[in-house]
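The values are calculated or read from the model by the stated rules, or taken from the named source; none is laboratory data. Please read all numbers here as calculations on a predicted model, not as lab measurements. Heads up, the Cβs are rebuilt from the backbone with ideal geometry, glycines too, and the neighbour counts pull from every protein chain shown. Just so you know, the surface numbers come from the protein's heavy atoms only, side chains and all, with ligands and any DNA or RNA stripped out. Shrake-Rupley method; radii C 1.70, N 1.55, O 1.52, S 1.80 Å.
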Amino acid sequence: MAANGDRLRALKELGNMRRAGLVVLLLLDLCLQPVRGYLSSEQHIPNYVQDVPQARSTATPAAAAVKVQMTSTTSYSSQCPSRGLCSKLPPACMTCNTSTSCRYGKLVTFQCSVNQTVHCVDESGQPQKTFPFLMNCQFCWQLPPSQYRCSKSTSCMTVSCPRKRYNANCSVLDHVHCLGNREFHKMLYCNWTGGYKWSTALALSITLGGFGADRFYLGQWREGLGKLFSFGGLGIWTLIDVLLIGVGYVGPADGSLYI
């Protein structure tokens with residue numbers, strides 16, 4: 001009888017501790033709601049933008065057009081080798097009469113001409129202004145990923161089912177020839193990292209998972225507080241988190257991938 005009474009008292013004290021932990025968690029959530037609302041508003045962001053008087057432009061339209069032409073000429077002429085082979089020039093140094101009626105993936109010859117201020121020669125060393133150029137018949141968006149660069153996104157969730165995509169702005173490398181626009185949009189899988197290590201998260205889950213250290217490390221502070229005040233869900237929550245982090249189902253709160 002005495003053993004049964006001690007067991008009932010222990011269970012009662014454990015229930016009181018769990019209820020107290022839940023009450024503390026709710027109080028913290030209520031206290032932090034005004035702070036989150038203030039941070040999400042635009043009132044706390046100081047306005048550092050000052051009105052700057054705009055200077056009057058005294059340049060004539062003709063002078064402005066000449067300036068734009070000189071700037072564009074300088075931009076591509078700096079990329080073009082002087083007295084080099086015409087067949088080795090990058091796309092910015094030439095203009096080609098391309099056609100989209102060619103067979104995809106096959107080599108095709110187009111007639112090209114060099115731009116202004118660009119000088120090139122043929123195989124025999126003779127200067128040329130127009131020349132045949134051999135290239136693959138494929139659009140720029142059909143190139144392999146190694147031949148173009150795309151913008152990165154740090155706002156999409158990488159750990160989701162199904163995997164999410166984002167609309168990336170891509171541009172072809174300077175030395176690659178292709179058909180169509182050299183800048184294009186492409187839907188890519190979310191693939192970025194915030195610096196969180198899977199090994200660190202798993203080690204914290206195994207050793208200090210009962211105190212919510214793994215959840216705190218991943219930025220999930222609410223779940224961390226829940227594990228802390230419930231003693232890891234009496235061990236059950238801790239064991240589940242070890243399995244979920246081990247298989248990669250539970251990831252960082254910002255939606256990034258593990259390192």
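Results, tabulated for the structure shown:
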| item | result |
| --- | --- |
| Under 5 Å, built H, 5+ apart or other chain: amide partners of residue 84 | 121 |
| Solvent accessible area, Å² - residue 123, 1.4 Å probe, full protein context | 150 Å² |
| Point-to-point label distance, residue 139-residue 88, nm (Cα→Cβ direction, 7 Å offset) | 3.3 nm |
| Accessible-area value, residue 171, 1.4 Å probe, nucleic acids and ligands omitted, Å² | 50 Å² |
| Heavy-atom SASA rank of 240, 206 (probe 1.4 Å, accessible area, largest first) | 206, 240 |
| Rounded FRET efficiency, nearest 0.05, which uses the C-beta distance separating residue 206 from residue 186 and R0 of 45 Å | 0.65 |
| Förster radius 51 Å - calculated FRET efficiency between residue 253 and residue 115, Cβ distance, rounded to 0.05 | 0.50 |
| Share of alpha-carbon pairs per 5 Å distance bin for the range 179-259, given as whole % | 3, 16, 24, 19, 11, 6, 5, 4, 4, 3, 2, 1, 0 |
| The range 159-255: trypsin sites (Lys or Arg not before Pro) in DSSP loop, at most 16 other beta carbons within 10 Å | 163, 164, 197 |
| Chain lengthening between residue 153 and residue 101 when straightened (0.36 nm per residue, less Cα-Cα) | 15.2 nm |
| List 103, 9, ordered by accessible area with a 1.4 Å probe, largest first | 103, 9 |
| Formal net charge of residues neighbouring residue 169 (Cβ-Cβ distance under 15 Å; K, R +1; D, E -1) | +4 |
| Proximal charge balance of residue 137 [Cβ under 13 Å; K/R count +1, D/E count -1] | +2 |
